[in-house]
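The values are calculated or read from the model by the stated rules, or taken from the named source; none is laboratory data. What you see is a predicted model, and the numbers here were worked out from it, not measured in a lab. Every residue, glycine as well, gets a Cβ built from its backbone with ideal geometry; the counts of neighbours run over all protein chains shown. For accessibility, only protein heavy atoms count, side chains too; no ligands or nucleic acids. Shrake-Rupley method; radii C 1.70, N 1.55, O 1.52, S 1.80 Å.
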Amino acid sequence: MRGANPVRPQEGGDGQSLWIQEVFYTLQGEGPFVGEPSVFVRTGGCNLRCHWCDTDFESSPWRPSLDELLARIGELRPAVCDLIVLTGGEPLRQNVVPLIRALLERGLRVQIETNGTLWLDGMPDDPRLTIVCSPKTPGLHPDLVPRVSVYKYVLAAGESDSGDGLPTLSTQLPGQGARLFRPPPGAAVTVMPRDDDDAERNFANRQACTAVALAHGYRMSVQLHKLLGIA
Ligand SMILES: C[S@@+](CC[C@H](N)C(=O)[O-])C[C@H]1O[C@@H](n2cnc3c(N)ncnc32)[C@H](O)[C@@H]1O
Ligand SMILES: Nc1nc2[nH]cc(C(=O)O)c2c(=O)[nH]1
Ligand code: SF4
Ligand SMILES: [Mg+2]
């Protein structure tokens, strides 16, 4: 939303109806499952307002029941695909635990894309559930940190720390300094170049991100879907 979205607090609720932006079948374009055929469930609303956010998550009125959402996922998912990616907006802003449980009960794998600031009680502790956290703030939810499989940092040229290569500017307030959350020792770290919707800057961001990955031993992820021109 490029900083244009309202900041919405975490909702309670029983998770039997969710605000959904879109459900679509594509290749996972980022992170540890990059390239894998996946059904994406993009939830509506976010509790942050990143000034460089590349996603629309405020324009859908759809609030399906859990059964209606599961049916839609089933319609889109071919038998060759067993990966469901929950993203947003911020997926943990709503109670997605019943959805996750239902997907795992169907023998599917689930991957969450989260900003790491929220948590949900009752989150299944299942090896088929993968949590990828892309930090946007100096602090993360303490109950989430032990459950993170991969930390995925978005990097821009001239905005990374000379010591560890990780972000030094606020994602919420353009130009303001902020030391985003740093991962625990030994955690898996991926870096991904920021898409600034500008060819020259994006080239610089890719160059800078590559240098950080090489210098610090981080895994590099590009947004494969954008290279392929798919959702
Ligand atoms: C749109 S966010 C939704 C999930 C969650 N709110 C989060 O931030 O992780 C999905 C992924 O896109 C990344 N992202 C958002 N805007 C981006 C941009 N302009 N360039 C590169 N990655 C971006 C986020 O860091 C996150 O890893
Ligand atoms: N293909 C594809 N892969 C993705 N990985 C993370 C995405 C996101 O917006 O959460 C995303 C996305 O929007 N499209
Ligand atoms: S936390 Fe994620 S969805 Fe929310 S504004 Fe930032 S990048 Fe966009
Ligand atoms: Mg995206």
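Per residue, the range 61-148 exposes an accessible area of 40 Å² to a 1.4 Å probe, with every protein chain left in place. Taking every protein chain into account, the 1.4 Å probe leaves Met1 with about 50 Å² of accessible area, to the nearest ten. Rounded to the nearest 5, the antiparallel percentage of DSSP beta bridges internal to the range 1-144 is 35%.
Pairwise inverse Cα distances across the chain, averaged and inverted, put the Kirkwood hydrodynamic radius at 18.0 Å.
Cα axis of helix 66-76 to longest principal axis of the chain: angle in degrees, 0 to 90, nearest 10? Value to nearest ten degrees: 70. Our note on the geometry: Cα centres of the range 1-60 and the range 108-178, 15 Å apart. Distances over 13 Å make up what percent of all Cα-Cα pairs in the range 1-49? Beyond 13 Å sits 68 percent of the P(r) for the range 1-49. Over the residues of the chain, the helix contribution to mean residue ellipticity at 222 nm works out to -5500 deg cm²/dmol, using -39500 (n - 2.57) for each DSSP H run of at least 4.
The heavy atoms of Thr190 offer some 10 square angstrom of accessible surface to a 1.4 angstrom probe. Between helix 199-216 and the chain there is an angle of about 80 degrees, using the helix long axis and the longest principal axis of the Cα atoms. Estimated at the nearest 10 Å², the accessible area of Glu159 is 40 Å² with a 1.4 Å probe.
For the chain, Cys46, Cys81, Cys133, Cys209 have no disulfide-compatible partner, since no other Cys C-beta lies under 4.7 Å from theirs.
Accessible area per residue (1.4 Å probe, heavy atoms of protein chains only) ranks Lys152, Lys226 as Lys226, Lys152, with the largest value leading.
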